[in-house]
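The values are calculated or read from the model by the stated rules, or taken from the named source; none is laboratory data. In this text the structure is predicted, and so the values were computed from the model without any measurement. Virtual Cβ from ideal backbone geometry, glycine too; neighbours counted across all protein chains shown. Side chains included, ligands, DNA and RNA excluded: accessible areas come from the protein's heavy atoms. Shrake-Rupley method; radii C 1.70, N 1.55, O 1.52, S 1.80 Å.
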Amino acid sequence: MTDQDHEDRDLVSPRDRFGERIRTNLSAESIQARIIETEQRTLAQTFEELSRSAQVPQAAALLLGARRRYIAGEGKAAAYAQLLNADLSATLSNVFLVDGHALQPLTVLTDVRASDVLIVFSLRRYREETVRLGRLFHEAGGQLVVITDSEDAPLAAIATSLIRVRTGSASYADSPTPVAAVCHLLSALTTASAKGARRRLAERDRLVARLGLYGPEQPRARAEAETEE
């Protein structure tokens, strides 16, 4: 771990990071340049480390072999859980978002099988609800995919598959960019080998049209002509 990594890890709360990273005497252009540069570096580091490991392909294999796939995250991590759920549920059956409303953790934990997989987003400051759910799911015999920012994260030691992302940032908030990228990577690898993915996508397109979920698409030529006008 570099000195910069240690410094990032020491800045635990958004308040701490704001005081250290945001300078009122900097222009908006300077702040933008720093954030863009840091996001590019953080994403590159994450991809470089993942390319040397088999963790994402391993997690995809677990999902493909699972009877049921659950996804959970609290706080800001709930947004990542929703993102991954949206992509996976388009091509896989039995994908469930544990959101505490439509699906409660208690309901999930009541009937865990060895063929079930729970994907949890557990990022600092590591929400206790997520940690408890992950530990109880593991104790019940289920398999755990943990997407986190540290090998020392609370659920790392019991993960069947551990996907570590870098979240270093020049902002008061830890970077969401690598986490969203990992969601995209994991769903793409899973879908590429999923039986029936093409059929499910075709059926979704048919139902989207029947339900009228989106407005009509403009033909390219017409859209270009209207732009010119």
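Data overview
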{"quantity": "Members of region 167-187 found to be open to solvent by less than 20 Å² (accessible area, probe 1.4 Å) and of a type in the set (Val, Ile, Thr), listed by number", "calculated": "Thr167, Val179, Val182"}
{"quantity": "Residues of region 56-77 classified as surrounded by 19 or more Cβ atoms within 10 Å (Cβ to Cβ) and among the small types (Gly, Ala, Ser), total", "calculated": "6"}
{"quantity": "Count of residues meeting criterion [under 14 Å from the mean Cα position of the chain (by Cα) and among the hydroxyl-bearing types (Ser, Thr, Tyr)] in region 142-160", "calculated": "1"}
{"quantity": "Residue that is open to solvent by 30 Å² or more (accessible area, probe 1.4 Å), over 13 Å from the mean Cα position of the chain (by Cα) and either of a type in the set (A, V, I, L, M) or farther than 18 Å from Cys183 by Cα (or both), where the choices are Ser115, Ser53, Ser93, Ser89", "calculated": "Ser115"}
{"quantity": "Pick from region 40-56, criterion part of a helix (DSSP H, G or I) and without any contact (Cβ under 8 Å) to a residue 40 or more places away in the chain, ranking: nearest to Lys195 (Cα to Cα)", "calculated": "Ser51"}
{"quantity": "Top-ranked residue in region 96-107 [being in contact with a helix residue (DSSP H, G or I) (Cβ under 7 Å, 6 or more places away or on another chain) and either among the hydrophobic types (A, V, I, L, M, F, W, C) or touching a residue at least 40 places away in the same chain (Cβ under 8 Å) (or both); ranked as surrounded by the most Cβ atoms within 10 Å (Cβ to Cβ)]", "calculated": "Val98"}
{"quantity": "Only listed residue being assigned to a helix (DSSP H, G or I) and touching a Leu at 6+ places or on another chain (Cβ under 8 Å), chosen from Ala86, Ala59, Ala90", "calculated": "Ala59"}
{"quantity": "Residue match in region 140-150 (condition: modelled with pLDDT of 95 or more, open to solvent by 40 Å² or more (accessible area, probe 1.4 Å), not in a loop (DSSP other than H, G, I, E, B) and not acidic (Asp, Glu))", "calculated": "yes"}
{"quantity": "Qualifying residue in region 154-165 (condition: closer than 27 Å to Gln32 by Cα and either open to solvent by less than 20 Å² (accessible area, probe 1.4 Å) or touching a Cys at 6+ places or on another chain (Cβ under 8 Å) (or both))", "calculated": "yes"}
{"quantity": "Matching option when the condition is in a helix (DSSP H, G or I), exposed (fewer than 12 other Cβ atoms within 10 Å of the Cβ) and touching a residue at least 40 places away in the same chain (Cβ under 8 Å), among Glu37, Glu129, Glu29", "calculated": "Glu37"}
